[in-house]
1. Identify the residues of the range 236-252 with backbone N under 20 Å of a label point that sits 7 angstrom from the Cα of Val326 along the Cα-to-Cβ direction, or state none.
2. Provide Val184, Val260, Val326 in ascending order of the number of other Cβ atoms located within 10 Å of each residue's Cβ, fewest first.
3. Between Ala194 and Ile277, what is the spin-label point distance in nm, taking each point 7 Å from the Cα along the Cα→C-beta axis?
4. List the DSSP H helices in the chain whose Cα atoms stretch 30 Å or more along the helix axis and whose mean Kyte-Doolittle hydropathy is at least 0.5.
5. Given 0.36 nm per residue, what is the gain on full extension from Tyr397 to Ile419 after removing their alpha carbon distance, in nm?
6. Just rank Cys28, Cys238, fewest to most, by other beta-carbon atoms within 10 angstrom.
7. Using the 2.2 N^0.38 Å rule of thumb for compact globular proteins, work out how the chain stacks up: its C-alpha Rg over that value, please.
8. Order these peptides, 342-348, 230-236, by their mean beta-carbon neighbour count within 10 angstrom, highest first.
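FYI, it's all coordinate maths here, none of it is from the lab. Values in this document were obtained by computation on a predicted structure and should not be read as measured data. Reconstructed Cβ throughout: ideal geometry from the backbone, glycine too, with neighbour counts over all protein chains shown.
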Amino acid sequence: MASEETMSSTIEETPTAVSNGYRNYVLCILTLIYAFNFIDRQIIGILSPFIKADLGLDDAQLGWLKGLYFALLYTVLGIPIAWLADRYSRVNIVAISLTLWSGFTAASGLATNFTQLALARIGVGIGEAGGSPPSHSIISDLFPKEKRAGALAIYSMGIPFGIMFAFFASAFFLKGGEADWRIVMIAVGLPGVALALLLKLTVKEPPRSGNMQTASAQNNSWQSIKALLSIKSWWGMCFAISFGSFGNYAISTWMIDFYVRAHAGLDITQFLITLGIINGTAYAGGVWLGGVLVDKWSKTNKGAYGLVPALALVVGAPAYYLSLQVESLWLSIGLVTVLLFTSGFYLGPSFALAQTLAPVKVRAMSTALFFFVLNIIALGGGPTFIGIVSDFYTAEYGEVESLRMSLAWLAVPYVLAIIAFFWTAKKIPADWQAAEERNG
């Protein structure tokens with residue numbers, strides 16, 4: 001008869017044996033939490049024109065608020081929080097983090113100057129640092145690696161759905177621009193506290209999957225991290241998604257400013273609702289389809305994890321560049337929609353690969369390190385870069401053309417993303433096989 005220890009090890013070699021209904025419920029609630037993550041992250045970009053007018057800010061200050069001030073502690077704290085998540089209750093960490101970032105979002109509505117708003121944004125970043133790494137780890141323990149891209153693609157749909165809800169909430173509360181932007185901040189921040197309580201009461205911490213006994217015998221945590229950082233396709237996918245997201249974060253936080261400036265008399269309520277629908281359909285559809293295509297194609301070619309995102313961006317990047325050149329508002333929005341749809345393809349595959357290639361002992365750390373690189377480059381760099389460059393051009397070209405010119409520079413990181421995804425596709429098969437041998 002097998003010993004209790006042997007039986008425990010055997011059970012943990014595969015994802016936790018739970019019902020499909022419960023597994024899907026956990027995925028749904030984590031996706032909803034991720035949506036709140038992006039509601040609270042996106043809202044400042046939507047309210048940007050109103051904040052600028054009320055507080056008298058320039059584009060450079062807006063860039064710091066949207067980018068680096070939020071991203072710095074969010075990025076740095078993700079690593080120690082992931083260390084905790086690989087050892088302690090991930091459910092508790094996510095619940096506490098959600099409470100923090102929601103509270104700081106509501107507190108942003110109380111800011112009366114640049115410094116106060118900057119401190120609140122830093123607080124939002126501190127809270128959000130504990131969101132995705134533990135969530136990715138939980139999902140990986142509930143779904144087998146063959147279904148991980150699809151599961152993490154669904155989780156990643158929290159991004160477009162969160163952005164959609166942020167647009168809808170802004171349209172509802174702003175009422176054509178008459179209401180105070182502070183009301184919107186408070187209204188979208190407080191419900192997250194209730195969601196944190198729901199998570200804590202209804203989701204149990206799952207056992208960790210993978211052959212933990214074998215992993216423990218072969219590696220300590222530091223050796224596991226060194227093994228992770230030696231994987232070429234992990235780095236390739238990390239930089240590929242970072243370059244792509246550099247563009248996406250910049251666009252999502254400056255899109256409203258550009259269209260409000262370029263199209264005088266814009267019906268802001270109708271426009272916000274339209275953008276919300278686009279994010280909730282085209283962007284979300286791209287995220288879902290990317291995961292489905294990779295799950296199917298990767299059965300015969302593991303390089304699909306890089307090829308699908310690369311081929312999608314080959315279509316999306318030129319469409320985005322053209323969107324800045326056309327005069328028609330709705331043609332421009334249509335071209336941006338093409339980018340949103342195609343850029344969604346890389347989210348599920350990228351995050352799934354980060355989990356599958358990682359040694360079992362450092363799955364949450366893998367996501368945290370992934371996000372460290374991603375967010376320093378993309379979240380910290382993208383919005384901040386646009387603000388600084390636009391402010392530099394403003395004196396000579398005016399506010400409309402300066403912002404258009406700065407946004408056009410985003411063609412460069414999109415090209416780099418395409419190159420990185422193609423390169424990564426060549427490296428994945430060998431790294432995938434090595435991960436299977438290592439993790440058992």
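1. Once the point is set 7 Å along Cα→Cβ of Val326, 248, 251-252 turn out to lie under 20 Å by backbone N, inside the range 236-252.
2. Values: Val184 24, Val260 19, Val326 13.
Going from sparsest to densest Cβ surroundings: Val326, Val260, Val184.
3. Going by the 7 Å Cα→Cβ label model, 2.7 nm.
4. Numbers: long enough: 20-46 (37 Å, 0.76); 232-262 (43 Å, 0.48); 411-439 (39 Å, 0.24).
Membrane-span-like by this rule: 20-46.
5. Details: separation 22, 0.36 × 22 = 7.92 nm, distance 3.25 nm.
Taking Tyr397 through Ile419 to full extension adds about 4.7 nm, to one decimal.
6. Sorted ascending by nearby Cβ count, the order is Cys28, Cys238.
7. On the way: Rg = 21.3 Å, N = 440, 2.2 N^0.38 = 22.2 Å.
That ratio works out to 0.96.
8. In decreasing order of mean packing, 342-348, 230-236 become 342-348, 230-236.
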